[in-house]
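The values are calculated or read from the model by the stated rules, or taken from the named source; none is laboratory data. Since we're looking at a predicted model, the values are computed, not measured. Here Cβ is always computed from backbone atoms with ideal geometry, including for glycine, and neighbour counts include all displayed protein chains. Remember, those area values only see protein heavy atoms, side chains included, never the ligands or the DNA or RNA. Shrake-Rupley method; radii C 1.70, N 1.55, O 1.52, S 1.80 Å.
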Amino acid sequence: MSFFSQALARVKPSASIVASQRARELKAQGRDVIALSAGEPDFDTPEHIKAAAQRAMARGETKYPPVAGIPELREAIVGKFKRENQLDYRVSETMVSNGGKQVIVNALMATIDPGDEVIVPAPYWVSYPEMVALCGGTLVIVETDPANGYKLTAEALGRAITPRTKWLMFNSPCNPSGAAYSRDELKALTDVLVDHPQVWVMSDDIYEHLIYGGLEFTTPAQIEPRLRERTLTVNGLSKAYAMTGWRVGYAGGPEPLIKAMDKIQGQITSGINTIAQWAAVEALTGPQDFIQEWRQIFERRRDLVVELLNQAEGVDCQRPDGAFYAYPSCGALLGRRAPDGTLIDSDEAFTRALLETEGVALVHGGAFGLAPNFRVSYAAATDQLEEACKRIQRFCASLG
């Protein structure tokens, strides 16, 4: 009998974490490495948010919090959903977790039984399939088409749904493709879901504020009120507020589901760091003007990276609609060899050889369920992005 569980055997390490760790190892060896593998803004948490945390500590807000979050933060979440998404949630329909990851795992653990199916469009965030596997669900991957901007269509969604389907995991703007759905595109998906009452929607809106070109952000429960009672709207402060290390995720959804998630969290972590929660109150209720400034910076970086990547031999990069990732194809380079003789027979071989040769850390597209691509995070300083793209161009030109 194995000491380790079958659940552990079903789960693979995070490819983005593995790539970032390899970059750290090479840096420790003295190598000049540019890591564009992590989805982490290079901006610091705004000062007014950090000051709120300091005030909370000075007041002695350092005791155990309620499992689902302090009342002040849950009220702020209610206000945020109403103000920005036109969603009316009661406080009892919200909860706070240790990042968006825990929100999602709480929900899956509370609802998934063996044999239950979870639809995940590809490309997808690397953690979605592993979360489903950890909870014993059956993953149903629906590949999207680059010609359609890597977006799930109503037809493909309808074909994927079966009587065993329990969740659709939906992410817009998408990590890794940057695809963002218009109101009409989202309405076509929600029209399908209305006809399948057994299917719940987990809408991961973490990149909501990072959307470009005047496209309006919308979320499923906002588009189709009939889905409200079977939608979990997931969000967090990591990306738009540069609070990755604070670990604050939150959700709004039907009260029975929130209670079930609260039960799970109460036996795993209990409530999250109280100081981070008070910082989150300030983030959601305080000044928001910096978000627009950062969005404009990210948009300029996006345009720069797309232009430079498309100048690399054999690379085809679409212009993403949101988030801070580009997802170019390297398919034209497969079958060629690096200067040291390494065969580039997959996108993983491409990113591995690029890191060892030029010191640029990226994540291969296979980890996101759709190859041959690679993900570039442009949440980095402009000079780093320029240098990284020059190295990618040089590497591609060197392939024989």
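So is Ile275 of a type in the set (Val, Ile, Thr) and open to solvent by 10 Å² or more (accessible area, probe 1.4 Å) or not? Against the criterion (of a type in the set (Val, Ile, Thr) and open to solvent by 10 Å² or more (accessible area, probe 1.4 Å)), Ile275 qualifies.
Does segment 71-87 contain any residue that is more than 17 Å from Tyr241 (Cβ to Cβ), of a type in the set (S, T, N, Q) and touching a strand residue (DSSP E or B) at 6+ places or on another chain (Cβ under 7 Å)? Taking every residue of segment 71-87 in turn, none turns out to be more than 17 Å from Tyr241 (Cβ to Cβ), of a type in the set (S, T, N, Q) and touching a strand residue (DSSP E or B) at 6+ places or on another chain (Cβ under 7 Å). Consider segment 283-324 and keep the residues that are of a type in the set (Asp, Glu) and in a helix (DSSP H, G or I). The one that is surrounded by the fewest Cβ atoms within 10 Å (Cβ to Cβ) is Asp289.
When Leu232, Leu237, Leu157 are checked against the criterion of being under 14 Å from the mean Cα position of the chain (by Cα), open to solvent by less than 30 Å² (accessible area, probe 1.4 Å) and either charged (D, E, K, R) or within 24 Å of Asn85 (Cβ to Cβ) (or both), Leu237 stands alone in meeting it.
Residues checked against (1) open to solvent by 10 Å² or more (accessible area, probe 1.4 Å); (2) under 21 Å from Pro320 (Cα atoms):
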| residue | (1), (2) |
| --- | --- |
| Gly136 | yes, no |
| Asp145 | yes, yes |
| Thr153 | yes, yes |
| Met169 | no, yes |
| Ser172 | no, yes |
| Gly178 | no, yes |
| Asp204 | yes, yes |
| His209 | yes, yes |
| Leu215 | yes, yes |
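Considering segment 243-272 alone, what residues qualify as being farther than 27 Å from Ile112 by Cβ and either charged (D, E, K, R) or open to solvent by less than 10 Å² (accessible area, probe 1.4 Å) (or both)? Residue satisfying the conditions is Met243 alone. Considering only residues that are among the polar types (S, T, N, Q) and assigned to a loop (DSSP other than H, G, I, E, B), which ones fall in segment 325-352? Of everything in segment 325-352, those that are among the polar types (S, T, N, Q) and assigned to a loop (DSSP other than H, G, I, E, B) turn out to be Thr342, Ser346. The residue pairs whose first member lies in segment 261-288 and is more than 25 Å from Met202 (Cα to Cα), whose second member is of a type in the set (Phe, Trp, Tyr) and not in a loop (DSSP other than H, G, I, E, B), and whose beta carbons are closer than 7 Å, counting only pairs six or more residues apart or on different chains, are Ala279/Trp246. For segment 123-167, the candidate set comprises residues that are assigned to a strand (DSSP E or B) and of a type in the set (Val, Ile, Thr); within that set, the residue that is farthest from Thr219 (Cα to Cα) is Thr138.
Inclusion of Phe374 among residues that are modelled with pLDDT of 95 or more, in a strand (DSSP E or B) and either in contact with a His (Cβ under 8 Å, 6 or more places away or on another chain) or hydrophobic (A, V, I, L, M, F, W, C) (or both) is warranted. When we screen Asp321, Asp316 for residues that are in contact with a Ser or Thr (Cβ under 7 Å, 6 or more places away or on another chain), of a type in the set (D, E, K, R) and farther than 21 Å from Phe81 by Cα, the only hit is Asp316.
Screening Asp383 with (1) farther than 30 Å from Gly236 by Cβ; (2) of a type outside the set (Val, Ile, Thr); (3) in a helix (DSSP H, G or I) gives one miss only, at (1).
Look at segment 59-71: where a residue is on the phi > 0 side of the Ramachandran plot and a partner is at pLDDT 95 or above and not aliphatic (A, V, I, L, M), sitting 6+ places away or on another chain with Cβ atoms under 8 Å, you get Gly69/Thr94; Gly69/Tyr250; Gly69/Gly271; Gly69/Gln277. Residues in segment 370-398 that are open to solvent by 20 Å² or more (accessible area, probe 1.4 Å) and either acidic (Asp, Glu) or farther than 18 Å from Arg302 by Cβ (or both): Ala371, Pro372, Asp383, Glu386, Glu387, Arg394, Ala397, Ser398.
Taken over segment 318-360, the residue count meeting the criterion of being under 27 Å from the mean Cα position of the chain (by Cα) and of a type in the set (A, V, I, L, M, F, W, C) is 10.
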